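The values are calculated or read from the model by the stated rules, or taken from the named source; none is laboratory data. Worth saying up front: this structure is predicted, and the values here are computed from it rather than measured. A quick note on method: Cβ atoms are made from the backbone with ideal geometry, for glycine too, and the neighbour counts reach across all protein chains shown. Surface accessibility is based on the protein's heavy atoms, side chains included, excluding ligands, DNA and RNA. Shrake-Rupley method; radii C 1.70, N 1.55, O 1.52, S 1.80 Å.
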Amino acid sequence: IDIRSKGTPAENVNASRTIVARYARPTVAQFSYVLNSTVWAGADRVISGPYHSNGGIRMDGTANAPVTSSLASWLCTSSFGCSPNQTKNGVWGAGPNQSLWEYPVPQVDFAGMAADFTNLKTTATASGIYLPRYSSGNSNQSNYWRGYHLIFNGNGTVTVRRVGSTFSTTVGAYLNPADTVDRTYLANETFYATYTIPANCGLIFVEDNVWVEGTVDRKVTIVAANVTTTGVAPNAMLPNNLVYQATDGSDGLTLIAENNILITPNSANVMTLNGVFIAQGGAFGRNLYGCTSGFEPKSSLTILGTTVSNLRTGTQWMGACATRYISSGNAGYQVRIDAFDRKLSTDPPPFTPNTSTDYQFVDWRQE
């Protein structure tokens, strides 16, 4: 709800002022990160925009906005640099600006995001774009890793290719511990259709795995979820750059996956991702691939927007490769830049999940 209020003093009718304010339910786009598990932000991280976890936070990086945890305290283990195990405050670490740290605060409801999938499918079928399931089975066999490849063309259209097969890639460590195979690398695909994105409903519901790249030139939300087949939770993959045609707030993307959002092994060496990325039931990031595979290391990753992940995120694996393979010893992206999208935070794409049912002022300015 946009509210415009004009005030004019009685003693000077020529001195009026107008305030414009936006009254809305807050969404995850108001954060740089929203996590549903305990996390460690390393000393090399520079984070702009609010950072929240429903679990504990070890913050050794530099955060320039509120850092909030839903826990009053948590048990720090060796996985988070504590040996022996130690009980720590909801947010702790060596990072600066500790006056911005706050705990405990209310949780963000990850389960509630999945509750909307059925309604989103209905809406996309009626007014947006709906792509039915093409893969088959409910295991990690090859046919389970079929789906659709979406390429945004920057002209109001999206080209859709149907993925017939994928390569099985050797993995050194999985971001999501439940995973046992990585078939995110495309092997074979065929042209399916080119769609004009409806101007009045920028919603694409894919009831299957989806690979996404290209240039987005309007507000679009993509949902990769299955509400028909029990035990099937699709993934979203990022094989290449995914950017806005304009960064003035007129373009925006929200990508929601029922399971993981994974950057593929053959991803761009210098990669840019614009959008709100939501791994509702899994993890956001990139698996560790063999140090001699040719997939490691990558150079730089820049994310403009918001990362939402049920599990710990990761796009770099510290010390995972011996120095004779990679000079730094680190696999994944050697340089990572997170930039909060302030414009999208107050005007996100349609159906971006809310963090509260209560309305509040999310923006105001004087005209």
Given the structure, is Asn226 assigned to a loop (DSSP other than H, G, I, E, B) and either buried (at least 23 other Cβ atoms within 10 Å of the Cβ) or modelled with pLDDT of 95 or more (or both)?
-> yes
Given the conditions (1) within 17 Å of Tyr174 (Cα to Cα); (2) touching a residue at least 60 places away in the same chain (Cβ under 8 Å); (3) open to solvent by 20 Å² or more (accessible area, probe 1.4 Å); (4) within 22 Å of the chain's Cα centre (by Cα), every one holds for Pro350 apart from (1)
Show the residue pairs that are 6+ apart or on different chains and have beta-carbon atoms under 7 Å apart, the first residue being within the stretch 74-89 and closer than 17 Å to Gly61 by Cβ, the second being of a type in the set (Lys, Arg) and assigned to a strand (DSSP E or B).
-> Cys76/Arg58; Cys76/Lys88; Phe80/Arg58; Gly81/Arg58
Residues satisfying the stated conditions in the stretch 283-314, i.e. under 20 Å from Ala233 (Cα atoms), of a type in the set (D, E, K, R) and modelled with pLDDT of 95 or more | Arg286
Count, please, the residues in the stretch 1-55 that happen to be buried (at least 16 other Cβ atoms within 10 Å of the Cβ) and without any contact (Cβ under 8 Å) to a residue 12 or more places away in the chain.
-> 0
For residues that are within 19 Å of Gly42 (Cα to Cα) and of a type outside the set (S, T, N, Q), tally how many sit in the stretch 58-112.
-> 25
Does Phe110 satisfy the criteria of being out of contact with any Lys or Arg (no Cβ under 8 Å at 6 or more places or on another chain), open to solvent by less than 50 Å² (accessible area, probe 1.4 Å), at pLDDT below 95 and closer than 30 Å to Glu207 by Cβ?
-> yes
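So that you can scan it fast, the table gives a plain yes or no per residue for (1) more than 20 Å from Thr221 (Cβ to Cβ); (2) within 22 Å of the chain's Cα centre (by Cα); (3) aromatic (Phe, Trp, Tyr); (4) not in a strand (DSSP E or B):
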| position | (1), (2), (3), (4) |
| --- | --- |
| Tyr144 | yes, no, yes, yes |
| Asn155 | no, no, no, yes |
| Arg162 | yes, no, no, no |
| Gly172 | yes, no, no, no |
| Ala193 | no, no, no, no |
